[in-house]
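Heads up, the thing below is written out as structure tokens.
Derivation of every value follows stated rules applied to the coordinates shown; laboratory data play no part. All of these numbers come straight from a predicted model, not from anything done at the bench. Positions of Cβ are generated from backbone atoms using ideal geometry, with glycine treated the same way; all protein chains shown enter the neighbour counts.
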Amino acid sequence: MLAIDFFSPFVCQTVVYLDHLKLPYPHAVRVALTCFFGPDYRPSSFDEVFRECFLPLHLYMIKHHISIFYVVVGLHGCEETETKTNLGFLQNLMESGGAKVFISGRESLGVASYIKPVVKITVSKEDTRDDIRIFIN
């Protein structure tokens, strides 16, 4: 899985959510979405989708005081270089503020090596309720 494949769903989910709230998102984002995902789409890079779609939508939501909570799963399906790209992006996103990020993954991903600060929660069958409460609070 490539970084762009990993983050494209965030863009689509954000658009659907803003439509549900009846908030029109920026025209430039609509143009980029048509270009990248429309019927006559052209191949796009992670940087393009991030810069022209994801970031403007993220900033739009912050501007409109919409709570942002990203749930990240499936990083183990990415190649190592793509995982590093995704984790670097998430670190930058967290540093910019305005969003909470929950990353669920295998120990071998080494999330704590890329994301600072990080609250590590090891979920076990015996006691998941308290672990999840630690993160939410």
> Can you flag which of K63/K100; K22/K100; K84/K116; K100/K120 are past 19 Å Cα-Cα?
Replying inline: K22/K100
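Give me T122, T14 ranked fewest to most by other Cβ atoms within 10 Å of their Cβ, as a rough exposure proxy.
Values: T122 6, T14 21.
Lowest to highest Cβ neighbour count: T122, T14.
When a/c reaches 1.5 or more, the comparison of a/b and b/c decides; with that in mind, is the range 67-137 rounded, prolate or oblate per its Cα gyration tensor?
Since a/c reaches 1.5 but b/c is at least a/b, the shape of the range 67-137 is classed as oblate.
Using alpha-carbon pairs under 8 Å, 6+ residues apart, how would you state the relative contact order of the chain in percent? Working shown, then result.
Details: 106 pairs, mean separation 31.0, N = 137.
Relative contact order for the chain comes out at 23 percent.
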> Based on the alpha carbon coordinates of the chain, what radius of gyration and maximum Cα-Cα distance (Dmax) apply, in Å?
Replying inline: 16.1, 50
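Let's test the formula: R0 of 41 Å, r as the Cβ-Cβ distance of I62 and S108. What FRET efficiency results, to the nearest 0.05? Mind showing how you got there, number by number?
On the way: r = 33 Å, r/R0 = 0.80.
Computed FRET efficiency for I62 and S108: 0.80.
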> How far, in nm, would the chain grow between T122 and Y17 when pulled straight, counting 0.36 nm per residue and subtracting the alpha carbon separation?
Replying inline: 34.7 nm
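When the chain is fully extended, how far beyond the present Cα-Cα distance does L2 get from I136, taking 0.36 nm per residue of separation? Intermediate results must be reported in sequence, preceding the final value.
On the way: separation 134, 0.36 × 134 = 48.24 nm, distance 2.90 nm.
Contour length minus Cα-Cα distance gives 45.3 nm.
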> Can you give the Kirkwood hydrodynamic radius for the range 1-66, in Å, rounded to one decimal and based on Cα pairs?
Replying inline: 12.1
> If packing is taken as the mean number of other Cβ atoms within 10 Å per residue, what is the order of 76-88, 52-64, 97-109, highest first?
Replying inline: 52-64, 76-88, 97-109
> So how far apart, in nm, are the two label points at V71 and H27 if each is 7 Å from Cα heading toward Cβ?
Replying inline: 3.6
>> Give me R30, R129 sorted ascending by neighbouring Cβ count inside 10 Å, so fewest comes first.
In response: R129, R30
